[in-house]
Structures are given as structure tokens and as C-alpha cells.
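Participant: Sharing a structure, written as C-alpha cells. Questions coming.
The values are calculated or read from the model by the stated rules, or taken from the named source; none is laboratory data. For clarity, every value in this text was computed on a predicted model and none was experimentally measured. All Cβ positions, glycine included, derive from the backbone under ideal geometry; neighbour counts span all protein chains shown. For accessibility, only protein heavy atoms count, side chains too; no ligands or nucleic acids. Shrake-Rupley method; radii C 1.70, N 1.55, O 1.52, S 1.80 Å.
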Amino acid sequence: MRGFVLLALLLAAATASAQEESEELVPLNGVGRITVQGGLRLSSNTTFFDSFYALPGFECSAGCSRETPAGPFATATFGYSVTDFIEVGIDLFYTHQQLRLTNAATHTNITYGALLGLRFQGLLEILTPQGVVPFIGLETGPSLAYSLVEGVGRRESIVQPWVGTVGATVRLSAHWALTAEYRLAFARGQSPYQNKPPPSGVGDGPYKNLASYNAGGNWFALGVTYLLAPDPVRTFSMP
């Protein structure tokens, strides 16, 4: 609830600012931005569940819990438009989600890190005097997949997610905007159960062969953007 109140206050401030500023359209070339977003993470873990319920001591054939409730997602994006059509940037992100298991402790997985990205964009002169900027892009970078199971332990894996992104920024004024974005992330993490000693008499491999879990998934976010005015010294023009 507090998040919605804060967003409403920011919107009010941005609208007031828009009324005071010139309505001359600001081009994208040379514009920097800082975007802070919050949202939800949704992902499926069919492969992990199938593998887990085949482990010695955790066998389950009917009525097995396969719950993966939505988890929080947060990111801060720092972008710079090198031309009217291309933006480069970095996303610092954090997200986590829980896997609920039958006759076993909840499996919590966390993914965080930095993504370097390239976005292709355009400027549509609609909705507001400063227009709407739709974009599509690709990101990747060093990240950490961290998982925790109470009574079992924890495990960390360095991963390199590949993330496709699509969204739009509604420019309320020359300096303030709202950004909605969807990211599809591909990354896998290792479970603490893989470190668990197997029961006697079943060999050394059952737990070590447990399938990885989905450390990516579908990331939905909405946030506020602050736009840095283009500086003629920083702009870059295509020949």
C-alpha cells in the first residue's frame, strides 16, 4: 500500500512539473535516464519438481505440492541514448521466489546481479507533449543464484542470465516519466539438496543428480524514471 501511495505522490509531482516546463519535444539522442522499478517474478519449475520427487526419501506420486508463488522483483536501470534509436545501459536487480514442497522444507531461491543491455527504441508523439518511448532489447551479465533450505543448507552459483526485455516509457515531462517493462530471463541455479548426503544403500549419485531450478522466469515491473537532459557535448549523431 505504501508503494502505491509513493507512486501517486511521484505522479502528482511529475504532473505539476510538466505544467511548468516547456512543451517542446525533447529528442532521445543524448538523453540519460535513471529508472527505479518494482514488480513480480513468475516462473515454472516442472523439471525441478519432477526430479525432486524422484529422490530417495522424498518420493511423491500423487498430490505433490508444486507451488511456486509469485515473488518480488526490483531493479534500478541506468541508461544512455547514444542515438535516437539505440540505448545502452546497466540494470542492477534483485528477485526471489519460493518453491513449496511436500514433506520437505520450503526451497527459497534468490537471484541478483548486474545486466548489461542494448535497447532499440523509438519516440511516438502520443499521449503526452513529450511522447511515449517503446523499446525492445537484450541483456546479460554476471549474477548470483542463491538458494536456501532450512535444515539442509544453502548454495550459491555464479550465473550469466540472458534476458529479453520489452516495454515503454511514458514521458510526463522533460524530466519525469513512468516506465512499464517485461523481462523474460533464462538462468538456472543449483539446490542445497545436491549437497545432502544420500541415505545409505542408494549409492552416491541421487541427490547430486537433482535437476537445477529456474533462477530466471517472467519479471514484470512498473516504476518511475528521471530523465537527464541531453547535453550537446554528449550527443552522438549517426553519419
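Participant: Kindly list the number of the only condition in (1) farther than 23 Å from R41 by Cβ; (2) among the small types (G, A, S); (3) buried (at least 20 other Cβ atoms within 10 Å of the Cβ) that fails for S143.
Facilitator: With respect to (1) farther than 23 Å from R41 by Cβ; (2) among the small types (G, A, S); (3) buried (at least 20 other Cβ atoms within 10 Å of the Cβ), S143 is out only on (1).
Participant: Taking interchain pairs and intrachain pairs at least six residues apart, which have beta carbon atoms under 6 angstrom, with the first residue in the stretch 202-225 and open to solvent by 40 Å² or more (accessible area, probe 1.4 Å) and the second assigned to a loop (DSSP other than H, G, I, E, B) and modelled with pLDDT under 95?
Facilitator: Cβ pairs passing all conditions: V202/P56.
Participant: On the basis of being open to solvent by less than 20 Å² (accessible area, probe 1.4 Å), over 18 Å from L42 (Cα atoms) and not polar (S, T, N, Q), does V133 make the cut?
Facilitator: It is true that V133 is open to solvent by less than 20 Å² (accessible area, probe 1.4 Å), over 18 Å from L42 (Cα atoms) and not polar (S, T, N, Q).
Participant: Take Q160 and decide whether it is polar (S, T, N, Q), out of contact with any Gly (no Cβ under 9 Å at 6 or more places or on another chain), surrounded by fewer than 21 Cβ atoms within 10 Å (Cβ to Cβ) and more than 22 Å from P230 (Cβ to Cβ).
Facilitator: No: the conditions fail for Q160.
Participant: Another one. Restricting the search to the stretch 156-183, which residues are among the basic types (K, R) and more than 22 Å from L115 (Cβ to Cβ)?
Facilitator: R171, the sole residue that qualifies.
Participant: Under the condition of being over 14 Å from the mean Cα position of the chain (by Cα) and in contact (Cβ under 8 Å) with a residue 60 or more places away in the chain, which residue from the stretch 94-108 is farthest from T68 (Cα to Cα)?
Facilitator: H107
Participant: Do you know which of the residues in the stretch 80-94 that are of a type in the set (F, W, Y) and surrounded by 16 or more Cβ atoms within 10 Å (Cβ to Cβ) is farthest from L118 (Cα to Cα)? Show your work before the answer.
Facilitator: Within the stretch 80-94, the first condition is being of a type in the set (F, W, Y), and the residues that meet it are 80, 85, 93-94.
Filter once more, so that each one left must be surrounded by 16 or more Cβ atoms within 10 Å (Cβ to Cβ): 80, 93.
Numbers: Y80: 10, F93: 16 Å.
Filtering first and then ranking leaves F93.
Participant: Out of curiosity, is L148 touching a residue at least 40 places away in the same chain (Cβ under 8 Å), open to solvent by 70 Å² or more (accessible area, probe 1.4 Å) and either more than 30 Å from E24 (Cα to Cα) or not in a strand (DSSP E or B) (or both)?
Facilitator: On the way: touching a residue at least 40 places away in the same chain (Cβ under 8 Å): yes; open to solvent by 70 Å² or more (accessible area, probe 1.4 Å): no; either more than 30 Å from E24 (Cα to Cα) or not in a strand (DSSP E or B) (or both): yes.
Spelling it out, it is not the case that L148 is touching a residue at least 40 places away in the same chain (Cβ under 8 Å), open to solvent by 70 Å² or more (accessible area, probe 1.4 Å) and either more than 30 Å from E24 (Cα to Cα) or not in a strand (DSSP E or B) (or both).
Participant: Which of the residues that make up the stretch 136-172 are among the acidic types (D, E) and under 16 Å from A76 (Cα atoms)?
Facilitator: E139
Participant: Report, ordered by the first and then the second residue, all pairs with beta carbons closer than 7 Å, sequence separation of six or more or different chains, a first member in the stretch 111-124 that is over 11 Å from P142 (Cα atoms) and open to solvent by 50 Å² or more (accessible area, probe 1.4 Å), and a second member that is part of a strand (DSSP E or B) and among the small types (G, A, S).
Facilitator: Final answer for the pair search is L118/G137; F120/G137.
Okay, residues lined up against (1) of a type outside the set (K, R); (2) farther than 17 Å from F220 by Cα; (3) touching a residue at least 40 places away in the same chain (Cβ under 8 Å):
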residue	(1), (2), (3)
L92	yes, no, no
T128	yes, yes, yes
S143	yes, yes, yes
R155	no, yes, yes
R171	no, yes, yes
